[in-house]
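Here is the structure we will look at, set down as C-alpha cells.
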C-alpha cells in the first residue's frame with residue numbers, strides 16, 4: 001500500500017467575491033511555480049520526452065472537454081419539476097408473496113418466542129445456562145428453529161452474506177481481532193481474513209467515508225461505528241457524500257452500504273455513549289434507517305440491508321445483544337419498509353421499534369391481564385422507509401395511537417409516525433386523523449442528555465408502567 005500526501009494550493013479565493021487580501025502576489029507566484037502541471041511539463045521538456053506543441057495540444061484538449069461539458073449543461077432544457085424527487089433512492093420492491101410469507105413466519109416466530117419464555121420460566125434446572133439450553137432444545141424440536149441472541153444473529157447475518165457475495169466486506173474499529181465491542185462481528189476474521197474483515201483507526205469520518213467509496217466502486221461494505229453517538233462525527237461523509245450521491249449525479253451512482261451501530265441506554269455509560277439518534281438519521285433524504293427488536297428481525301433485516309442498493313443505517317440496541325429468540329433455519333430476509341404486527345388487538349394501537357417494541361409487548365400483556373384492554377402492538381422495524389399504511393389501518397380499527405420511542409421527544413420518531421398517520425389518505429378519501437377517538441400519545445426520552453446514574457437513566461426513558469398508564473389514559 002502506498003499513501004501519497006499531496007499538498008495543494010487554491011489559486012482562487014473561497015468565493016468569486018474573495019479579494020485574497022490575506023496573501024501576497026509573491027506567495028501566489030511561488031506556488032504557481034510549484035504547480036504539479038508546471039513542474040511535470042518542465043521535466044518532460046527538459047528530458048526531451050515531448051515538445052511544447054504536444055503540451056499545448058494536451059492543454060487545448062482539456063479546455064475543450066470543459067467547454068463542451070459546460071455548453072451541454074447551459075444548452076440543456078430546464079428539468080421538469082415533476083422529476084424533483086427522482087433518483088433520491090434506488091427503487092426497491094419485494095414480491096407480494098415474500099411479504100405475505102414473512103408475515104406468516106414472523107407470527108410463527110412470536111409463537112415460538114412465547115414457548116421459549118414459558119419453558120424458561122417453568123424450568124427446574126439448577127442454572128440459568130442449563131435452563132436456556134433445555135428451552136432451546138425444546139424449541140428446536142417443536143418448531144425447527146434455532147435460538148440465539150441478537151448479537152449472534154447479527155454476526156450470522158454478516159457471515160452468510162459474506163459467503164454468498166465476495167464483495168461484502170466488514171470494516172470498523174475493533175471489528176476483527178476483538179470481534180466488535182459487543183461481539184457482533186465475532187468469528188468473522190477467522191473465516192474471512194484481514195482482506196475482508198478490516199480493523200480501522202478510531203476515525204468515524206474515515207470509516208463512513210471508506211464505506212461510501214467502497215460502495216461506489218461496486219463493493220457492499222458493512223461499516224461499524226461503535227456507538228451511534230459518534231455518527232455525529234461522520235455525518236458529512238454519511239449524508240453529503242453517501243446519501244446525496246445518487247441524486248447529485250443524476251441517478252448514475254449507487255451506494256450499497258450498511259452502517260451498523262448501536263444506541264440506547266442500559267449500561268449507565270452516560271450521554272456520549274447512550275443516545276438514541278435515529279431521528280437525526282431519518283431527517284436527510286437518501287438514507288434508510290432500520291432498528292430490529294428480536295434476533296429473528298436482526299438477522300433478516302440485516303441480510304436485506306446488505307443486499308439493498310441504498311445506504312442503510314442499521315441501529316442495534318446495546319441492552320439487547322444478549323436477548324434470546326428463535327430464528328428460522330436457512331436463508332431468509334425481511335423486506336425493508338414492512339412493519340410487523342407483533343400482537344393483534346382491537347382497543348389501542350401501540351407503535352414502537354427496537355427494545356421499546358419488547359417493552360410495549362410486556363405492557364400489552366399487563367393491560368390485558370389487569371385492565372381488560374386489548375392492545376395491538378406494531379413494530380415498524382424500518383423507520384425509513386416507514387410502513388405508515390399498516391399503522392394507519394390499525395388506527396382506523398382501534399381509534400387510538402400511542403407511540404413509544406427511546407429517542408428524544410422533540411422532532412422525534414414518534415411525532416413523525418403520528419404526523420404521517422394523521423395525514424395518511426385511505427382509498428375512500430378519508431384521513432388517518434378522521435379515525436382518532438382520542439389525542440395521540442407520544443412517549444419518548446426526557447429532554448435531557450442520558451444520565452449516568454442508573455435510577456436517573458431508567459427515569460429518562462419510557463418504562464413498561466409508563467406505557468400502561470399512557471394507554472389507560474387514552
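The values are calculated or read from the model by the stated rules, or taken from the named source; none is laboratory data. What you see is a predicted model; the values in this text were computed from it and never measured. Neighbour counts run over all protein chains shown; Cβ positions are idealised from the backbone, glycine included.
Restricting 180, 176, 151 to those that are in the same structural domain as residue 222 (by TED's automatic domain parsing), crowded, with 21+ Cβ neighbours inside 10 Å, touching a residue at least 24 places away in the same chain (Cβ under 8 Å) and in a loop (DSSP other than H, G, I, E, B) reduces the list to 180. If you go through the range 55-82 and keep only what is touching a helix residue (DSSP H, G or I) at 6+ places or on another chain (Cβ under 9 Å) and surrounded by fewer than 11 Cβ atoms within 10 Å (Cβ to Cβ), you end up with nothing. Report yes if residue 407 is at pLDDT 95 or above, surrounded by 22 or more Cβ atoms within 10 Å (Cβ to Cβ) and more than 27 Å from residue 266 (Cβ to Cβ), otherwise no. No, not satisfied.
For the range 290-305, the condition holds for no residue, the condition being that it is surrounded by fewer than 22 Cβ atoms within 10 Å (Cβ to Cβ) and out of contact with any helix residue (DSSP H, G or I) (no Cβ under 6 Å at 6 or more places or on another chain).
Can you confirm whether residue 330 is surrounded by fewer than 24 Cβ atoms within 10 Å (Cβ to Cβ), part of a loop (DSSP other than H, G, I, E, B) and in contact (Cβ under 8 Å) with a residue 12 or more places away in the chain? Quick ask: steps written out before the conclusion?
Values: surrounded by fewer than 24 Cβ atoms within 10 Å (Cβ to Cβ): yes; part of a loop (DSSP other than H, G, I, E, B): yes; in contact (Cβ under 8 Å) with a residue 12 or more places away in the chain: no.
The answer is no for residue 330.
Checked against the criteria, residue 157 counts as crowded, with 23+ Cβ neighbours inside 10 Å, closer than 21 Å to residue 334 by Cβ and out of contact with any strand residue (DSSP E or B) (no Cβ under 6 Å at 6 or more places or on another chain). Within the set 169, 139, the sole residue that is surrounded by 17 or more Cβ atoms within 10 Å (Cβ to Cβ) and in a helix (DSSP H, G or I) turns out to be 139.
Restricted to the range 194-287, the set of strands (runs of 3 or more DSSP E) holding at least 1 residues that are buried (at least 18 other Cβ atoms within 10 Å of the Cβ), in the same structural domain as residue 170 (by TED's automatic domain parsing) and free of Cβ contacts under 8 Å to residues at least 40 places away in the same chain comprises 197-199.
Does the range 347-362 contain at least one residue that is assigned to a loop (DSSP other than H, G, I, E, B) and more than 24 Å from residue 185 (Cβ to Cβ)?
Residues of the range 347-362 that are assigned to a loop (DSSP other than H, G, I, E, B), as a first pass: 347, 353-354.
Checking which are more than 24 Å from residue 185 (Cβ to Cβ) leaves us with 347.
Yes, some residue in the range 347-362 is assigned to a loop (DSSP other than H, G, I, E, B) and more than 24 Å from residue 185 (Cβ to Cβ).
Among the residues of the range 47-54, is there at least one that is closer than 30 Å to residue 311 by Cα and exposed (fewer than 12 other Cβ atoms within 10 Å of the Cβ)? Scanning the range 47-54 turns up no residue that is closer than 30 Å to residue 311 by Cα and exposed (fewer than 12 other Cβ atoms within 10 Å of the Cβ).
Which residues, counting only those in the range 288-305, are part of a loop (DSSP other than H, G, I, E, B) and within 12 Å of the chain's Cα centre (by Cα)? Once the filter is applied, which keeps residues that are part of a loop (DSSP other than H, G, I, E, B) and within 12 Å of the chain's Cα centre (by Cα), the range 288-305 yields 291, 292.
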